[in-house]
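Trainee: For reference, the structure I am asking about is given below.
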Amino acid sequence: MMAEELRLVIEKMVYGGDGLGHAEGNTVFAPFVLPGEDLRVAVKKRKKKTVWALPIEMLSASPARVNAKCPHFGVCGGCHYQHIAFAEQTGLKIGILRETLSRLGGISWSGEIPAHTAQPYGYRNRAQWAVRAGMPRALGYFLPESSVIMPVDVCPVLSPALGETFHVLQEMARGGKLPSGILEIEAFADSADEKIALNVAFDAYPKPAAELADYFRKELPRIESLLLLDQKKERFELTGPGFLMHSAGGFQFRVSHLSFFQVNRFLIEELLAAVIKGAKGGLALDLYAGVGFFTLPLAKNFTRMVSVDANLAATRDLYANAELAGVEVTTFNEHTEDFLKKPQERPDFVVLDPPRAGLGAEAAGKLLELGAPEVIYLSCDPSTLARDLAVLTGSAKKPAGLAATGPSYEIVSIELFDLFPQTFHIESLVRLRRLP
């Protein structure tokens with residue numbers, strides 16, 4: 001049975017990687033397209049008047065369309081924009097950011113949104129591979145949000161050290177040399193892109209952990225630290241120091257196997273400088289502090305520095321990093337939402353870098369009550385950013401039932417950091433100032 005086909009002109013790009021158009025009374029979403037393109041699509045899924053489709057013939061292409069660098073683009077699932085000229089990608093992301101803030105948060109920002117960009121390939125210092133269902137010896141690369149996994153030879157977004165690691169793992173898989181029972185492999189490179197930390201999750205160890213560790217180290221000499229997991233026994237085995245070192249802003253950061261660090265090795269210094277620019281005073285608060293990427297430089301400019309993070313591994317890294325930097329930090333190992341529920345001294349400055357779920361309406365309300373004169377919000381999801389900004393700015397689109405809690409904030413600036421070129425992901429930095 002042939003799939004239903006539609007003729008479609010793409011009107012705009014939307015968050016998530018798709019283009020949007022209308023055909024025969026339907027709202028249609030299609031990937032790997034560009035605004036203005038005229039094409040035929042095959043209906044993949046339909047829900048009332050909403051259709052998800054796949055391109056099958058390009059009738060009129062956009063001048064911004066380019067040939068993808070990766071031969072597996074469109075199938076792997078890790079990248080979404082390799083068909084778009086890099087200079088055009090950031091402009092599309094800015095448009096999506098503006099539209100999302102307006103539609104979901106009632107935030108109409110007419111000011112400039114400068115884009116910070118760097119090299120569009122070879123930027124990523126962290127990667128994950130997963131065993132493909134039904135193919136226990138085939139590995140596939142994917143970004144954390146990808147749902148499609150397939151074997152590939154080269155991934156152009158990876159740093160050279162990770163690319164080399166990937167290639168060796170792929171050859172091991174093809175040659176039947178990869179240990180059985182692997183569920184996932186995660187690799188990290190240090191800031192010099194020389195040493196690798198590897199996490200390998202097994203359903204169950206097929207051999208003693210010491211033998212597995214020796215084998216991986218022999219095949220991958222770049223490994224500095226190796227963490228093995230036996231999920232059935234819930235058992236970890238570590239060989240090596242348990243961390244890699246990263247350099248940024250004149251500071252050294254210990255990043256352990258279960259901690260997080262910014263993944264774009266080319267934009268990290270620029271991002272750090274933008275967040276801490278002009279920040280100084282008595283008390284600063286770093287929410288979702290991680291290993292202290294913003295905490296350490298802020299501690300140099302404030303009399304007191306408080307950090308909050310629920311990840312115990314990251315909190316331990318932060319302790320070590322603060323000691324190495326010679327700064328004092330008061331650290332809370334708890335969820336930001338719980339921390340904000342308790343009475344807190346009013347800080348002079350707050351920076352927050354939450355996961356994709358954002359701060360949340362209730363926690364945003366508590367942050368509003370806290371009343372810091374300046375708040376810096378680094379967001380990796382424009383949808384949750386819009387929801388949180390609606391609360392912080394007192395927008396008409398803030399959640400119903402959320403009581404007014406005092407003066408709101410005004411947006412001073414919005415910047416876009418393209419930390420994930422070739423993908424739909426949007427990292428935005430919003431500077432807020434408390435109204436009198």
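Trainee: Can you give me the Cα centroid spacing of region 290-364 and region 51-108 in angstrom?
Mentor: 35
Trainee: List the residues of region 252-272 whose backbone N lies under 18 Å from a point placed 7 Å from the Cα of Q119 along the Cα-to-Cβ direction.
Mentor: Those under the cut-off are 262-271.
Trainee: Let me ask something else. Rank A210, G111, A274 by how far each Cα sits towards the positive end of the charge dipole of the chain (+1 on Lys, Arg Cβ; -1 on Asp, Glu Cβ) and give me just the farthest.
Mentor: G111
Trainee: R0 = 25 Å: FRET efficiency of E4 with V75, Cβ-based, nearest 0.05?
Mentor: Working: r = 22 Å, r/R0 = 0.90.
The pair E4/V75 has a calculated efficiency of 0.65.
Trainee: Oh, and also: Listed highest first by mean packing, meaning other Cβ atoms within 10 Å per residue, what order do 284-295, 199-210, 306-317 come in?
Mentor: Per-residue Cβ counts within 10 Å, averaged per peptide and sorted highest first, yield 284-295, 306-317, 199-210.
Trainee: In addition: As a test of reading the structure, rank V9, V255 by solvent-accessible area (1.4 Å probe, protein chains only), most first.
Mentor: Descending order: V9, V255.
Trainee: Along Cα→Cβ, 7 Å out, is where each label goes; now give me the distance between the ones at E57 and A310 in nm to one decimal.
Mentor: Simple spin-label model gives 5.1 nm for this pair.
Trainee: Sticking with this one: Rg and Dmax in Å for region 376-436, alpha carbons only: what are they?
Mentor: 13.0, 42
Trainee: With every protein chain left in place, what is the accessible area per residue of region 186-272 in square angstrom, probe 1.4 Å?
Mentor: Averaged over the residues of region 186-272, the accessible area is 47 Å².
Trainee: By DSSP, what percent of the beta bridges with both residues in the chain are antiparallel, rounded to the nearest 5?
Mentor: 70
Trainee: Which percent of the accessible area of region 287-424 is formed by carbon and sulfur heavy atoms (probe 1.4 angstrom)? Walk me through the numbers before you get to the answer.
Mentor: Values: 2660 of 5160 Å².
That fraction is 52 percent.
Trainee: So how exposed is F29, as accessible area in Å² (1.4 Å probe, rounded to 10)?
Mentor: 50
Trainee: For the chain, what's the relative contact order in percent, using C-alpha pairs closer than 8 Å and at least 6 residues apart?
Mentor: Averaging sequence separation for qualifying contacts and normalising by length gives 13 percent for the chain.
Trainee: Another one. What is the antiparallel percent of DSSP beta bridges lying wholly in region 1-135, to the nearest 5?
Mentor: Beta bridges within region 1-135, antiparallel portion: roughly 90 percent.
Trainee: Which of Y123, A364, F260 sits closest to the plus end of the dipole of the chain, meaning its Cα is farthest towards the positive end, when Lys and Arg get +1 and Asp and Glu get -1 on the C-beta?
Mentor: The residue sitting farthest along the positive end of the dipole is A364.
Trainee: What's the local net charge at D203, with K and R +1, D and E -1, over the other residues with C-beta under 13 Å away? Walk me through the numbers before you get to the answer.
Mentor: On the way: positive: K232, K233, R235; negative: E184, D230, E234.
Charge balance in the 13 Å sphere: 0.
Trainee: Next up: Could you please put E24, E345 in sequence from largest to smallest accessible area, using a 1.4 Å probe?
Mentor: Output order, biggest surface exposure first: E24, E345.
Trainee: Here is a further query. Only Cα pairs within less than 10 Å get springs; with that Gaussian network setup on the chain, which residue of L244, L212, L229 has the largest fluctuation?
Mentor: Top of the fluctuation ranking is L212.
Trainee: Starting from the Cα of A396, move 7 Å in the Cα-to-Cβ direction to define the label point; list residues of region 67-111 whose amide nitrogen is under 18 Å from there.
Mentor: Counting backbone N atoms under 18 Å from the label point, the list is 99-110.
Trainee: Amide H of G78 versus every other amide H placed in the peptide plane: which residues, excluding those fewer than 5 positions away on the same chain, fall under 5 Å?
Mentor: When sequence neighbours closer than 5 places are left aside, the close amide H contacts are L143.
Trainee: Quick one: what do you get for region 298-357 if you divide its Cα Rg by 2.2 N^0.38 Å?
Mentor: Numbers: Rg = 12.0 Å, N = 60, 2.2 N^0.38 = 10.4 Å.
After normalising by residue count via 2.2 N^0.38 Å, the value is 1.15.
Trainee: Add -39500 (n - 2.57) for each DSSP H run of 4 or more in the chain, then divide by its residues: what number comes out at 222 nm, to the nearest 500 deg cm²/dmol?
Mentor: It lands at -7500 deg cm²/dmol.
Trainee: Here's something else I'd like to know. Could you state the principal axis extents of the C-alpha atoms in region 177-216, from the largest down, to the nearest angstrom?
Mentor: If we take the Cα atoms of region 177-216, the spans are 33, 19, 16 Å.
Trainee: Which value results when the Cα radius of gyration for region 30-115 is divided by 2.2 N^0.38 Å?
Mentor: Working: Rg = 15.2 Å, N = 86, 2.2 N^0.38 = 12.0 Å.
Against the empirical 2.2 N^0.38 Å value, I get 1.27 for region 30-115.
Trainee: Any chance you could check the Cα centroid distance between region 390-436 and region 209-282 for me, in angstrom?
Mentor: That distance is 30 Å.
Trainee: Right, here's the next one. Return the distance in nm (one decimal) between the two label points of a simple spin-label model at R103 and A42, each offset 7 Å from Cα along Cα→Cβ.
Mentor: 2.7
Trainee: Please give the per residue accessible area of region 49-102, computed with a probe of 1.4 Å over protein heavy atoms only, in Å².
Mentor: Accessible surface, normalised per residue, equals 46 Å².
Trainee: For a quick check of understanding: with a 1.4 angstrom probe and all protein chains in place, what accessible area in square angstrom does F339 have, to the nearest ten?
Mentor: 0
Trainee: If you don't mind, another one. Positive end of the dipole of the chain, charges at C-beta (+1 Lys, Arg; -1 Asp, Glu), about the Cα centre: which of L296, G240, V430 has its Cα farthest in that direction?
Mentor: Checked the options; the winner is V430.
Trainee: Between beta-carbons, use under 12 Å as the cut-off and find the net charge around V291, counting Lys and Arg +1, Asp and Glu -1.
Mentor: Net charge in that neighbourhood comes out at -2.
Trainee: Now, a different point. For a label point 7 angstrom out from the Cα of D338 toward its Cβ, which stretches of region 276-298 have the backbone nitrogen within less than 17 Å?
Mentor: It comes to 287-290, nothing else.
Trainee: With all protein chains present and a 1.4 Å probe, how do E219, E362 order by accessible area, largest first?
Mentor: Numbers: E219 60, E362 115 Å².
Correct descending sequence by accessible area is E362, E219.
Trainee: First compute the accessible area of region 21-117 with a 1.4 Å probe, then give the percent of it belonging to carbon and sulfur atoms. Mind dumping the intermediate values first?
Mentor: Details: 2600 of 4800 Å².
About 54 percent, which is the carbon plus sulfur part of the accessible surface.
Trainee: Additional query: Can you tell me the FRET efficiency between V168 and A320 if r is taken as the Cβ-Cβ distance and R0 is 30 Å, rounded to the nearest 0.05? Each step should come with its number before you reach the end.
Mentor: Details: r = 30 Å, r/R0 = 1.02.
Efficiency computed from Cβ-Cβ geometry: 0.50.
Trainee: Note down the net charge around Y319, summing +1 for each Lys or Arg and -1 for each Asp or Glu among other residues with Cβ under 12 Å from its Cβ.
Mentor: Neighbourhood net charge equals -2.
Trainee: Using the membrane-span-like helix rule (whole DSSP H runs, Cα extent along the own axis of at least 27 Å, mean Kyte-Doolittle hydropathy at least -1.0), which helices of the chain qualify?
Mentor: Membrane-span-like by this criterion, though nothing is claimed about a membrane: 86-105.
Trainee: While we're looking at this one, here's another question. Could you name the lysines whose alpha carbon sits less than 24 Å from that of K397, not counting residues in the same chain fewer than 8 places away?
Mentor: K12, K93, K341, K366
Trainee: Here's a follow-up. Along each of its three principal axes, how wide is the spread of alpha-carbon positions in the chain, in whole angstrom units, largest first?
Mentor: Principal-axis extents of the Cα atoms in the chain, largest first: 63, 62, 36 Å.
The values are calculated or read from the model by the stated rules, or taken from the named source; none is laboratory data. The structure displayed is predicted, hence computed values, not measured ones. A quick note on method: Cβ atoms are made from the backbone with ideal geometry, for glycine too, and the neighbour counts reach across all protein chains shown. The area values use the complete protein model at the heavy-atom level, side chains included, leaving out ligands, DNA and RNA. Shrake-Rupley method; radii C 1.70, N 1.55, O 1.52, S 1.80 Å.
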